[in-house]
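The values are calculated or read from the model by the stated rules, or taken from the named source; none is laboratory data. Being a predicted model, the structure only gives us computed values, none of them experimental. Using ideal geometry, Cβ is built from the backbone for each residue, glycine included, and neighbour counts are taken over all protein chains shown.
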Amino acid sequence: MGWVRRNMRGAFLAGLLLLSFPALMVTALYPFPVAFAIVVALSYGAEVASGRVARPVLDRLGMIHLGVSVRFLAREVGAVLLVARTAGTGRWFVLLCAGLLLMHVLRVLQAGTAIYLDRCLNLMPVATRNIDVPALRIPGEPPGGLAGWRGARLFYIDVLPVGAIAAGALTGQEALAPGTAGLGTAGNAAAGLGTAALGGAGLGAAIALQAAAVLVLLLHARRAVPLANGERVITVVDRRVQAYHPEVIFYFSGPATSAYQATMWLDTLSRLTRRTIVVLRERELLPLLGPTTLPVLCVPSAIDLMNLRGLDSARLALYASNVGKNIHLLRVPGLRSVFVGHGDSDKEASFNPFSKAYDEVWVAGQAGRDRYLRAQVGVRDEDIVEVGRPQLSGIRTRGPGLPAVSVLYAPTWEGWTDDLFHTSLITMGPKLVRALLAHSPAVRLIYKPHPLTGERDPRATTAHRRIIEMLGAASVPSRPAGVAASPGTAPHTARHRVVTGPEPHLYDCFNDCDLLISDISSVVADFIASGKPYAVTNVAGMAGHVFRERYPSAEAAYLLGPDLVELPGILAQLRRAGEDDLAGARREMKTYLLGPDNPDAMTRFDEAVNRAYDMATLNGTLRL
């Protein structure tokens, strides 16, 4: 299995790296220049390769005091020992040690400057996007990753003195008898002095490069000094926000893996008639947020958020997730709160008792209203507003029109509980994919897992990797290499796909398939906008009527049990001429889940925003 091979490669590289250090000491003390040079090359190579495939292992080494500084220092110590054993401890040796000490002083200065720059540039109390703040004069990042890893990338400069010492020892090795100290003959001394001289030249080059890097960082740090004044940064940004005069706040907090929940709303929010600003609470969300023209604020501190006067003009706050940090804005008087969520589904997240903390709860259609009423979690019927799903306007009602039936398998993640029936990935995923591949090339499969897959259950990760391997092995070009495609023929007709990143978007995958297979989730509710057939996994093997009663969004779905006996019949429905058996039921379900087609969802959503804004403004006026 691919992931096993990757893990084995990572463990091998980490082991090679660890073993290289005692080997360096032994070959330096012996001295054995040829072996030392080989070990040095292997050690640096393992360091570079491990950083790519075994980063978690390297991070753990730091926990046991074998971090990056110690590892590079160990190579330098080995080189110093080799010089001592071949050239002795005379003037060259003293100069070499002094030079290495100077290089470490420069490293300390570089690391300190890099940390200072990181605090100024990346840890400002307020970060922005699409908000022009020329008064701050924010400098760009230093070139070449000089500040990355707090400057640790430049540790590799020590390959110059260490490599030069190894090369010098190699060129003089014919004068050295293996196992001798190298101090008793003129030949040995000359060879040793050559080693020290080469090492000194390499060290001089390293010091020059290190000094140049420090100079560049200091120049950047000088320009970033004003950003260290947090109060000034907040004041400047606050003035720009006040000039924008926001009316609606889209508020979002959560881990980096949840950024998609905010991104799905950006296009809709940009089309509102009210001036809208996006407020994030975690720094890692800002670079992960999708493209938008809306002004974006990232305010990690609750105190700083409370002190931003630029947000006082807003009268409406929209929330996409139920998280603890919502309370920091919910407690602001005069700001009407609305929970818009990040997708309607029959899962418990769509009728969370926390929703009663908001003034209003907006759902797509009657189905969303019914969920809250059935659950009786304290959300009043008059506080529920049906606004449709504006994000679904680009979903097409036809498939890609390929000769093969395109099937999208989009399982949900394992959830925060130990419920094995939450996702089909663990118990059904690989088996389902294998069954679909058995129908290839008549079936073309697209696999798009939930972004949080494997977040809390390693079995989901195992199943996910197994599916990727199966699809990788099964994917073949639709025609032999060098054979031209016929006009109108899709270039990947028989090729299966794995979509794990943000692109292509889930809705693009909807447009690229004829059938969806998914679990109970918002994916099902959104796909219904296409009117195309969909199958829902019945992981627990419930009776059909019981399953549909518990999960109303499956009323118009083909059910797929854990033994997959229904799969051939479902695929046969897609090959039929005309409509399949559940086409009429899907039309009714679309209205029930998403509301009417007229007026369109964007119009209804915008009207709901204006109504809630006006209500908050009126209430504020009445209080005055």
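Odds and ends about this structure:
- Only one of the listed residues (LEU272, LEU217, LEU285, LEU266) is of a type in the set (A, V, I, L, M), modelled with pLDDT of 95 or more and under 24 Å from PRO134 (Cα atoms). That residue is LEU285.
Table: residues versus (1) closer than 17 Å to TYR592 by Cβ; (2) under 26 Å from the mean Cα position of the chain (by Cα); (3) of a type outside the set (Gly, Ala, Ser); (4) not assigned by TED's automatic domain parsing to the domain that holds ILE249.
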| position | (1), (2), (3), (4) |
| --- | --- |
| LYS356 | no, no, yes, no |
| ARG369 | yes, no, yes, no |
| VAL379 | no, no, yes, no |
| GLY399 | no, no, no, yes |
| SER406 | no, no, no, yes |
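Conditions (1) outside any loop (DSSP other than H, G, I, E, B); (2) under 22 Å from VAL536 (Cα atoms), marked per residue:
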| site | (1), (2) |
| --- | --- |
| LEU318 | yes, no |
| ASN322 | no, no |
| GLY334 | no, no |
| SER337 | yes, no |
| ARG371 | yes, yes |
| GLU382 | yes, no |
| SER393 | yes, no |
| PRO400 | no, yes |
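- Checked against the criteria, LEU330 counts as surrounded by fewer than 21 Cβ atoms within 10 Å (Cβ to Cβ), among the hydrophobic types (A, V, I, L, M, F, W, C) and in contact with a strand residue (DSSP E or B) (Cβ under 8 Å, 6 or more places away or on another chain).
- Hits in region 509-560 (condition: among the small types (Gly, Ala, Ser), part of a loop (DSSP other than H, G, I, E, B) and within 29 Å of ARG495 (Cβ to Cβ)): SER521, GLY531, ALA557
- Residue list for region 354-366, filter: modelled with pLDDT under 90 and either among the hydroxyl-bearing types (Ser, Thr, Tyr) or in contact with a helix residue (DSSP H, G or I) (Cβ under 7 Å, 6 or more places away or on another chain) (or both): SER355
- Single match in ALA572, ALA535 (criterion: closer than 24 Å to THR397 by Cβ and more than 37 Å from the chain's Cα centre (by Cα)): ALA572
- Of all residues in region 269-302 being of a type in the set (S, T, N, Q) and closer than 23 Å to PRO255 by Cβ, the one that is surrounded by the most Cβ atoms within 10 Å (Cβ to Cβ): THR292
- Qualifying residue in region 496-516 (condition: farther than 24 Å from HIS422 by Cβ, surrounded by fewer than 17 Cβ atoms within 10 Å (Cβ to Cβ) and either at pLDDT 95 or above or touching a Ser or Thr at 6+ places or on another chain (Cβ under 8 Å) (or both)): no
Okay, residues lined up against (1) polar (S, T, N, Q); (2) part of a loop (DSSP other than H, G, I, E, B):
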position	(1), (2)
LEU564	no, yes
ALA577	no, yes
TYR592	no, no
ASP597	no, yes
THR603	yes, no
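- If you go through region 231-256 and keep only what is surrounded by fewer than 16 Cβ atoms within 10 Å (Cβ to Cβ) and under 19 Å from GLY324 (Cα atoms), you end up with PRO255, ALA256.
- Residues of region 578-616 classified as within 35 Å of the chain's Cα centre (by Cα) and either more than 21 Å from THR397 (Cβ to Cβ) or crowded, with 17+ Cβ neighbours inside 10 Å (or both), total: 18
Residue-by-condition table, conditions (1) surrounded by 22 or more Cβ atoms within 10 Å (Cβ to Cβ); (2) over 17 Å from GLN366 (Cα atoms); (3) touching a residue at least 12 places away in the same chain (Cβ under 8 Å); (4) of a type outside the set (Gly, Ala, Ser):
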residue: ALA525; (1), (2), (3), (4): yes, no, yes, no
residue: ALA543; (1), (2), (3), (4): no, yes, no, no
residue: GLU549; (1), (2), (3), (4): no, no, no, yes
residue: SER553; (1), (2), (3), (4): yes, no, yes, no
residue: VAL565; (1), (2), (3), (4): no, yes, no, yes
residue: ARG576; (1), (2), (3), (4): no, yes, no, yes
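- For region 89-148, the candidate set comprises residues that are surrounded by fewer than 15 Cβ atoms within 10 Å (Cβ to Cβ) and among the charged types (D, E, K, R); within that set, the residue that is farthest from PRO295 (Cα to Cα) is ARG91.
- Close pairs (6 angstrom Cβ cut-off, 6 or more residues apart or separate chains): over 18 Å from PHE605 (Cα atoms) in region 389-413, surrounded by 18 or more Cβ atoms within 10 Å (Cβ to Cβ) and basic (Lys, Arg) anywhere: ALA404/ARG444; SER406/ARG444; ALA410/LYS448
- Wholly within region 197-316, strands (runs of 3 or more DSSP E) carrying at least 1 residues that are within 30 Å of GLN110 (Cβ to Cβ) and not assigned by TED's automatic domain parsing to the domain that holds PHE93: 296-298
- A count restricted to region 327-353 and to residues that are within 25 Å of PRO451 (Cβ to Cβ), modelled with pLDDT of 95 or more and among the polar types (S, T, N, Q) stands at 0.
- Residue in region 136-154 that is assigned to a helix (DSSP H, G or I), modelled with pLDDT of 85 or more and not assigned by TED's automatic domain parsing to the domain that holds VAL40 present: yes
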